[in-house]
Every structure is written in structure tokens, then in C-alpha cells.
Amino acid sequence: MSSAGVATPSREDLKRMATEAIDSRADELVSLSKTILANPEPGFRETTTARLVAGKFAEMGMQARIGLALTGLRADLVGGSPGPALAVIGELDSLIVNEHPHANSETGAAHACGHHCQMGMIMGAAMALKQPEVLEHLSGRLAFIAVPAEEYIEIEYRDSLRRAGKLEFLGGKPEMVRLGEFDDIDLAMMCHTTANPDERQLCISGTNNGTLAKKIQFIGKGAHAGGAPHLGINALNAATLALSAIHYNRETFRDEDSIRVHPIITKGGEAVSAVPADVRMETFVRGRTLDAIMDANVKVDRALKAGAMAVGGDVVIQTIPGYLPLRQNGAMNNVFEANANQLVGAENVGHIAARNGSTDMGDISHLMPAIHPYVGGATGIGHGADYVVHDYSLAVITAAKALAYTAIDLLADGATVGSGIVSGHRPEMTRAEYLKFMRGLAKEETFKGA
């Protein structure tokens with residue numbers, strides 16, 4: 001009983017109120033997600049999306065702080081009594097997939113990964129939890145954080161922002177960590193869409209690969225490709241040899257390390273009539289552990305240098321901090337799974353041990369308890385032209401309820417569950433250790449192959 005003699009609502013009572021709030025505004029939440037779908041923007045360019053989300057928070061009476069890591073924003077709710085701070089995270093950015101049916105005709109930007117649904121999810125959770133009859137019975141604080149630039153693309157563009165002093169890290173969450181936006185957060189969660197039928201309607205996930213990024217320039221010597229090719233040094237040949245050398249290393253990658261190296265050539269030369277003197281590449285080096293990533297990174301650098309040496313050219317290798325492997329908190333996953341079972345039935349809840357893609361939620365998970373479950377509703381191949389969300393009721397509304405329910409379980413009843421998870425968790429890194437580690441990964445070297 002409360003001090004006024006009125007019975008304190010149970011967690012199930014709070015979840016029922018959350019459900020009613022989300023259901024009553026379901027059309028609005030789906031419309032928000034579809035509006036973002038129709039206006040895709042890649043990382044650190046999400047100005048229209050950020051304005052739309054900030055405006056929606058303002059309509060709810062929540063004043064968002066904007067311009068975080070260029071385009072991110074954050075709006076907080078304070079519970080009725082002290083307790084831990086829980087971040088509910090969504091991602092603003094799109095990919096670039098020109099062939100996607102919802103691609104921007106000018107930029108090729110497209111939500112081929114379902115991030116547009118995340119804004120509907122976190123907004124629905126905020127609508128549910130900000131109700132006074134719910135919020136007053138939560139202990140602690142809720143931070144709804146819309147982060148930019150989770151998709152690690154356009155490396156050359158983002159590196160230009162770094163060189164101009166506008167940011168340091170090329171991913172949204174690492175940059176927001178640097179800026180201190182997670183300093184006052186104790187737990188974090190988000191939910192991502194999936195098209196994998198084996199993962200069912202809601203999915204409890206394990207780890208994701210970490211990644212390093214590399215920006216590479218092969219430097220040769222220009223010459224007339226027909227009249228005097230012997231006077232040139234072909235940088236494209238150097239790059240081609242380097243690609244082959246990387247492939248020749250693949251048999252040394254152990255299956256359990258899930259190494260993925262997938263380079264692309266972003267510039268192949270200046271003109272067909274000239275020996276290519278300036279060739280650019282980008283690649284990721286992904287792996288399940290930091291040790292495996294660093295081992296593969298050495299092999300990739302060796303292959304790049306071998307290509308330059310073979311033709312007598314130079315190679316400039318820039319290694320850029322990417323994302324850390326994801327470490328899911330088991331206790332938080334258990335709370336989410338119980339709510340998933342309640343929402344869709346245990347037979348519709350999937351489990352997956354590991355994913356070979358990468359997410360900057362991995363960085364957050366090294367600093368605090370964090371989870372990154374999945375929700376169905378999409379079809380196609382992630383990051384592909386056919387990845388489309390069809391079931392918005394599942395992908396937005398059910399996911400919003402799952403996040404709201406989990407927040408209630410963590411922060412209700414004096415935040416007993418949430419506080420217990422925080423006190424029992426030992427982070428892999430402090431913020432200072434994290435920043436030192438990430439900065440230590442950054443390196444640029446010029447290898448002269450002559």
C-alpha cells in the first residue's frame with residue numbers, strides 16, 4: 001500500500017497501462033516510422049529525421065537536446081523515486097542501396113535495415129512510460145536516445161568530418177560516448193528488426209562481430225596507357241594483387257573467430273587512357289574477439305604492402321576504430337525474454353548465438369549492461385534491395401511494448417531488478433579505458449614498395 005492508503009499498482013498493472021497507451025496511438029507510431037522510411041538519410045546527415053523525432057518528443061511534452069554527435073538527440077523522463085538510469089536507444093540513419101524500392105532517387109539512401117522502425121519503437125515506449133500513473137511508480141531515469149550513424153558507411157566522407165574537427169569517431173554511439181552522453185547511464189537496450197524466419201517474432205540474440213575499418217590509397221605513377229605504359233607504375237595492379245593476397249589468407253582464418261574481410265575499390269584510376277596512379281579502397285576487418293580482429297588486421301596490412309611492393313608503388317594504410325564485439329547481459333536478456341514470451345508466446349521467440357555483422361551497441365555493452373534483441377516483420381536480405389518491413393504491427397508496436405515492459409520490470413518496485421543487475425555487473429572497460437583503447441587503434445602509415 002502507498003502512504004495514502006492506495007494500493008501500489010503491480011508490474012502487470014503498469015504493463016497493462018503501457019499496452020493501452022501504445023495501442024491507442026499505434027497508427028501514429030507506424031506513420032512516424034513510414035515517414036522516416038520515405039525520407040532516408042545516411043549517417044551524420046540525418047537532419048530531417050532528427051527534426052521529425054525532436055518534434056514528436058516536443059508534442060509529448062519532452063524537450064529533447066539536439067545536435068548530439070552532429071545529428072543525435074536525447075530526451076529524458078524522471079521516475080517517482082531515485083534509481084538507475086536506463087537508456088532506450090534507436091538509430092536514425094539509413095544505408096545507401098540505390099535499388100531499394102524506398103531509396104531516395106538522388107542520394108540512393110534507403111532504410112534497408114529497418115532503422116526507421118526503431119524510432120517508432122522508442123517513441124511508443126516513451127508514450128507508455130511517461131504516463132504519470134506509470135512514471136511515478138518507476139525508480140530512476142529513462143533516457144530515450146536517437147543516435148546517428150550506426151551503419152559504418154561512407155568512410156571517406158566521415159573521415160573528412162574527423163579531419164575537419166567535427167567528430168572523432170566515425171560511428172554514432174562511440175562519438176556520443178566520447179561526448180559524455182552515456183556517462184550518466186547505467187543500463188541500455190534497443191531492438192532491431194530481422195527478416196530471418198528462424199528468429200521468429202521476437203529474438204534473444206548473443207554476440208555480434210566487432211570491426212576495424214581501413215581506408216587505403218595505392219599510389220603509382222601516371223603514364224600513357226597505350227604509348228608508354230612501361231614508364232608508369234600501375235596502382236590498380238597493386239590493388240588487385242593486394243585483393244588476391246587477402247584472399248590467399250582466408251584459409252588461415254579460424255571458423256570460431258568468424259573473420260570477415262570484404263574490401264571494395266572506391267576509385268580505380270583517372271582515365272582509361274592513363275596508367276592508374278591513384279587507386280582507393282575501403283574494407284572492414286571483422287571478428288568475434290578483439291584478438292582475432294587484430295590478428296586478421298596484421299594479415300590484411302601485410303597483403304596491402306605486398307601489392308605495393310610487387311609493382312614498386314606506395315600504399316597509404318589508414319586504420320580507423322570501428323565497433324567492439326557485442327556482449328549481451330544475460331540477466332537483462334532474461335527479463336526481455338519473459339516479456340517476449342508474454343507478448344507473442346514462447347513458441348514465437350527465437351534464439352541466436354552469434355551474428356557476423358557488427359553494431360556499435362557492442363561499444364555500449366563494454367561499458368554497462370546492455371541488450372540488443374530483434375523483432376520480426378521484415379522480409380529480404382539485410383542491407384539488400386529486397387529488405388522491406390511488411391508487418392509494422394509486429395516491427396513497431398509489439399517491439400515498443402517489449403521495450404516498455406522491460407523498462408517496467410527493471411525500474412518498478414524500487415528498481416530492485418535494475419539495481420541488482422547494475423550492482424552485479426563488472427564492465428569490460430571504463431569510459432577512460434574505452435577511449436584510450438579506441439584511440440590506440442587509429443593509425444596511418446605509408447609503405448614505400450619500391
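Annotation note: of ALA346, ALA402, the sole residue that is open to solvent by less than 10 Å² (accessible area, probe 1.4 Å), out of contact with any Gly (no Cβ under 9 Å at 6 or more places or on another chain) and over 19 Å from ASP186 (Cα atoms) is ALA402.
Selection of segment 270-279 for residues being surrounded by fewer than 18 Cβ atoms within 10 Å (Cβ to Cβ) and either free of Cβ contacts under 8 Å to residues at least 24 places away in the same chain or not acidic (Asp, Glu) (or both) yields ALA271, VAL272, SER273, ALA274. Among the residues of segment 432-450, those identified as assigned to a helix (DSSP H, G or I) and surrounded by 15 or more Cβ atoms within 10 Å (Cβ to Cβ) are TYR434, LEU435, PHE437, MET438, LEU441.
As a summary of the residue check, GLY384 satisfies the conditions (1) part of a loop (DSSP other than H, G, I, E, B); (2) under 15 Å from ALA128 (Cα atoms) except for the one numbered (2). Can you find even one residue in segment 107-124 that is closer than 24 Å to ALA412 by Cβ, of a type outside the set (Gly, Ala, Ser) and in contact with a Phe, Trp or Tyr (Cβ under 6 Å, 6 or more places away or on another chain)? Among the residues of segment 107-124, at least one is closer than 24 Å to ALA412 by Cβ, of a type outside the set (Gly, Ala, Ser) and in contact with a Phe, Trp or Tyr (Cβ under 6 Å, 6 or more places away or on another chain), which makes the answer yes.
For segment 295-333, give me each residue that is among the aliphatic types (A, V, I, L, M) and either part of a strand (DSSP E or B) or under 26 Å from TYR157 (Cβ atoms) (or both).
Kept after step one, since they are among the aliphatic types (A, V, I, L, M), are these residues of segment 295-333: 296, 298, 300, 303-304, 306, 308-311, 315-317, 320, 324, 326, 331-332.
If the condition is that a residue be among the aliphatic types (A, V, I, L, M) and either part of a strand (DSSP E or B) or under 26 Å from TYR157 (Cβ atoms) (or both), then ALA296, VAL300, ALA303, LEU304, ALA308, VAL315, VAL316, ILE317, ILE320, LEU324, LEU326 are the ones that fit.
Of all the listed residues (GLY124, GLY83), the sole one being in contact with a helix residue (DSSP H, G or I) (Cβ under 6 Å, 6 or more places away or on another chain) and open to solvent by 20 Å² or more (accessible area, probe 1.4 Å) is GLY83.
Out of segment 420-431, which residues are open to solvent by less than 50 Å² (accessible area, probe 1.4 Å) and part of a helix (DSSP H, G or I)?
First, pick out the residues of segment 420-431 that are open to solvent by less than 50 Å² (accessible area, probe 1.4 Å): 420-422, 425, 429.
Result: GLY420, ILE421, VAL422.
Within the span defined as segment 137-155, one or more residues are modelled with pLDDT under 95, of a type outside the set (Lys, Arg) and assigned to a helix (DSSP H, G or I). Before we move on, is THR49 among the polar types (S, T, N, Q), over 27 Å from VAL388 (Cβ atoms) and touching a residue at least 60 places away in the same chain (Cβ under 8 Å)? No. Which of the following residues is in a loop (DSSP other than H, G, I, E, B), among the hydrophobic types (A, V, I, L, M, F, W, C) and in contact (Cβ under 8 Å) with a residue 40 or more places away in the chain: LEU70, LEU29? Going through LEU70, LEU29 in turn, the sole match is LEU70. Restricting the first member to segment 435-450 and to residues that are under 15 Å from THR319 (Cα atoms), and the second to residues that are assigned to a strand (DSSP E or B) and polar (S, T, N, Q), the beta-carbon pairs closer than 8 Å and six or more apart or on different chains are LEU441/THR319; ALA442/THR319; LYS443/GLN318; LYS443/THR319; GLU444/GLN318; GLU444/THR319.
Hey, can you tell me all the residues within segment 421-432 that are without any contact (Cβ under 8 Å) to a residue 24 or more places away in the chain and either under 19 Å from the mean Cα position of the chain (by Cα) or within 18 Å of ALA370 (Cα to Cα) (or both)? If you could, list the steps in order and put the result at the bottom.
Pass one, segment 421-432, residues without any contact (Cβ under 8 Å) to a residue 24 or more places away in the chain: 423, 426, 432.
Residues satisfying the conditions are SER423, ARG426.
If you go through segment 353-380 and keep only what is polar (S, T, N, Q), under 18 Å from ASP93 (Cα atoms) and either touching a Cys at 6+ places or on another chain (Cβ under 8 Å) or modelled with pLDDT under 95 (or both), you end up with just SER358.
Condition (residue is of a type in the set (S, T, N, Q), outside any strand (DSSP E or B), closer than 21 Å to GLY380 by Cβ and touching a helix residue (DSSP H, G or I) at 6+ places or on another chain (Cβ under 9 Å)) applied to segment 36-56: is it met by at least one residue? For segment 36-56, residues of a type in the set (S, T, N, Q), outside any strand (DSSP E or B), closer than 21 Å to GLY380 by Cβ and touching a helix residue (DSSP H, G or I) at 6+ places or on another chain (Cβ under 9 Å): present. Which of the residues belonging to segment 343-381 are part of a loop (DSSP other than H, G, I, E, B) and touching a strand residue (DSSP E or B) at 6+ places or on another chain (Cβ under 8 Å)? Matches in segment 343-381: THR359, ASP360, MET368, PRO369, HIS372, PRO373, GLY376, GLY377, GLY380.
The values are calculated or read from the model by the stated rules, or taken from the named source; none is laboratory data. Just so we're clear, the structure is a prediction, and the values are computed from it rather than from any experiment. Glycine gets a Cβ as well: all are built from the backbone with ideal geometry, and neighbour counts include every protein chain shown. The area values use the complete protein model at the heavy-atom level, side chains included, leaving out ligands, DNA and RNA. Shrake-Rupley method; radii C 1.70, N 1.55, O 1.52, S 1.80 Å.
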